[in-house]
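Down below is the structure, laid out as structure tokens.
The values are calculated or read from the model by the stated rules, or taken from the named source; none is laboratory data. Quick caveat: nothing in here was measured; it's all calculated off a predicted structure. Cβ atoms come from the backbone with ideal geometry, glycine included; neighbour counts cover every protein chain shown. Protein only, heavy atoms only, side chains kept; ligands, DNA and RNA dropped before computing areas. Shrake-Rupley method; radii C 1.70, N 1.55, O 1.52, S 1.80 Å.
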Amino acid sequence: MPAMTTTITGIQRGLAAGQFSSVEITQDYLTRIGLFNDSINCFITITDDLALQQAKAADAIIAAGNAQPLTGVPLAHKDIYCTDGIKTSCASKILDNFIAPYDATVIEKFNQAGAVMLGKTNMDEFAMGSSNENSYYGPVANPWDFERVPGGSSGGSAAAVAARLTPAATGTDTGGSIRQPAALCGISGIKPTYGRVSRYGMIAFGSSLDQGGPLAQSAEDCAILLQTMAGFDPRDSTSIEQPVPDYSVQLNQDIKGLKIGLPEEYFAEGLDADVARVINAAIEEYRKLGAEIVDIKLPNSGLSIPVYYVVSSAECSSNLSRFDGVRFGHRCDNPVDLEDLYKRSRSEGFGDEVKRRIMIGTYALSAGYYDAYYLKAQQLRRLIKQDYEKAFTAVDAILCPVTPEIAFKQGDKTDDPVSMYLQDIYTIALNLAGLPGMSIPAGFSQGMPVGLQLIGNYFEESRLLNLAHQYQQVTDWHLQVPEMK
Amino acid sequence: MTLKIEDVRNIAQLARLQMDDSSLEQYASDLSNILALAEQMNAVDTSNVTPMAHPLDATQRLRADEVTESDQREKFQAIAPDVAKGFYRVPKVID
């Protein structure tokens, strides 16, 4: 596939110049998916008929001169977004037969923008996981090394973009689920401020943490996608009523004089030395671009993991109580009574990790334990947020690693849930605080991509995109493509 | 906090999950490890800290009490496991 046709900006130019039609480029991607999906397993559903139908409609709109920025551009969506008339499984057996009866707001916006949907991507079941090994539809391979994990939970989206089976994809991020797979697959991804992108129709995991966002090949492409995804939605009760800026306007701004903070706690023990080498080289690039590098402290960082696993599990146990085998989804055979129906439908439908989290959450919310777990976690959450508020009085953005190590081998951490949870050590604090964060490729270690994380203050997605874009103007890590055999 | 098999049984009952006896021990061990992780929270005194409910301290939005949705019963029930006469059917609850 020629380089220019893989990015959103490249496809936009090609479509506008009439170099190819949306049907042609869509067919190219469908062919490529056909070639590689068996080995990568990044798609749960390939919507080829719909894609070609949407592409045809897009070509007519383009011919009539009414194209919007994403008209005719193929995209893939994480299978957590409800898509009207199309299977929406959340990678769970309990939703294996679920044909969503409505579109998520994000999907509705992409449809209105004239984008083409190639399919629904694989993920960790109900977005619970950091390796995409918790999927009912099997694990996803990392395109850089098929034996390694792509990260999770948006592992299918990240792998599909890295393998160029789609120009870009949507994801969701509850504790790092956009940034961590983006880092491990060598692509760019942004998790916006909590409340920036509508959660309506996005199957809920931890409602106070979940946020949708794009995974793409560059900051520039992320800006284009976020432009369509962001915005107030009255159907999401936690959506924030604030105007959406033009995310592309600030991309080319000079970053000279911007203060970038390095949190001491994120460079401490536990960070792989070779990953640290890559991050330090990126810091030097930022220095060369004129940024001022400042040391900062986020003293409560160490609490992020326990706080996150209490809050997210508590919220998931509540959210997932809706899967009861009564109105939709899997129902067990021959239930003897209603309780048997609930219990067997749920136990047959949920995978092990989902059950563990439901159990932890149920326990944390049960009578006598609420104060010790959930309330305590919500108090600590405020302290974590205050650390960031204080940091942002001194710096414009924060820079740190995304993950402590490169993508691990499949099966390496599946026996020990706690060791898997520690993968999220650098990503979850900002979900707890509700801040925006971005992951961009910054180099390689042992032939595997390493991601760089940028964290901004509330609603400063433009600044993150600007910092990422400026870095991508002087480096070519984001242009590296895995050689797949 | 170390969970016993009996604790796991109780939690599973609250969560409406059915557990095979053979898996209870593994769950007890996994859940105890996760709770041990959670107990790191006790290292910090939070007696004067207000719990955080929303990152931006937003409050629940209200709207006028008007009908904004149309009736889509048939569409929604088309994906249900068992319906009859417009109702969702489950095993008999009251004798």
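The lysines whose alpha-carbon is closer than 28 Å to the alpha-carbon of residue B:92, local same-chain residues fewer than 8 away aside, are A:93, A:343, A:355, B:75. Look at the alpha carbon pairs under 8 Å that are at least 6 residues apart: their mean separation over the length of region A:8-256 gives a relative contact order of 17 percent. With N the number of residues in chain A, Rg(Cα) / (2.2 N^0.38 Å) evaluates to 0.92. Taking only the C-alpha atoms of chain B, Rg followed by Dmax gives 22.4, 57 Å.
Note on region A:404-475: with charges restricted to the Cβ of Lys and Arg (+1) and Asp and Glu (-1), its dipole about the Cα centre is near 200 debye. Please identify the longest segment of chain A free of exposed GluC sites (Glu not before Pro), where exposed means a DSSP state other than H, G, I, E or B and no more than 12 other Cβ atoms within 10 Å. Here the longest run is A:270-482.
Once you reduce region B:31-51 and region A:9-44 to the center of their Cα atoms, the two points are 48 Å from each other. When A:455, A:240 are compared by accessible area at a 1.4 angstrom probe, the order from most to least is A:240, A:455. Annotation for chain B: chymotrypsin sites (Phe, Trp or Tyr not before Pro) lying in DSSP loop with at most 13 further Cβ atoms inside 10 Å of their Cβ do not exist. In percent, rounded to a whole number, the relative contact order of chain A is 18, using alpha-carbon pairs under 8 Å and six or more apart. Cross-link reach is defined here as a Cα-Cα straight distance under 20 Å, omitting same-chain residues fewer than 8 places apart; for residue A:376 the lysines meeting it are A:385. Backbone amide hydrogens, once placed in the peptide plane, bring residue A:73 within less than 5 Å of A:116, excluding anything fewer than 5 places away on its chain. Taking Lys and Arg as +1 and Asp and Glu as -1, the other residues whose beta-carbon sits under 11 Å from that of residue A:29 total -1.
Each label point was placed 7 Å from the Cα along the Cα-to-Cβ direction; for residue B:14 and residue B:75 their separation is 3.8 nm. For a straight C-alpha distance cut-off of 24 angstrom, the lysines reachable from residue A:56 (same-chain residues fewer than eight places away being disregarded) are A:78, A:87, A:109, A:120. Using alpha carbons only, how many angstrom separate the centre of region A:288-353 from the centre of region A:87-163? Distance between centres, Cα-based: 16 Å.
Take the Cα of residue A:336, step 7 Å toward its Cβ, do the same at residue B:65, and the gap between the two points is 4.5 nm. Per residue of chain B, the DSSP helices (runs of n ≥ 4 H) give a summed -39500 (n - 2.57) that works out to -10500 deg cm²/dmol at 222 nm. Exposure check, 1.4 Å probe, all protein chains in place: residue A:6 carries approximately 10 Å² of accessible surface. Zone of residue A:318 (label point 7 Å along Cα→Cβ, backbone N under 15 Å): which residues in region B:36-57? Within reach of a label on residue A:318: B:51-55.
Counting only DSSP H runs of at least 4 residues, each contributing -39500 (n - 2.57), and dividing by the residue count of chain A, the helix-based mean residue ellipticity at 222 nm comes to -11500 deg cm²/dmol.
Label-to-label distance, residue A:389 versus residue A:348, with points set 7 angstrom from Cα along the beta-carbon direction: 5.0 nm. Rg of the Cα atoms in region A:83-184, relative to 2.2 N^0.38 Å, amounts to 1.04.
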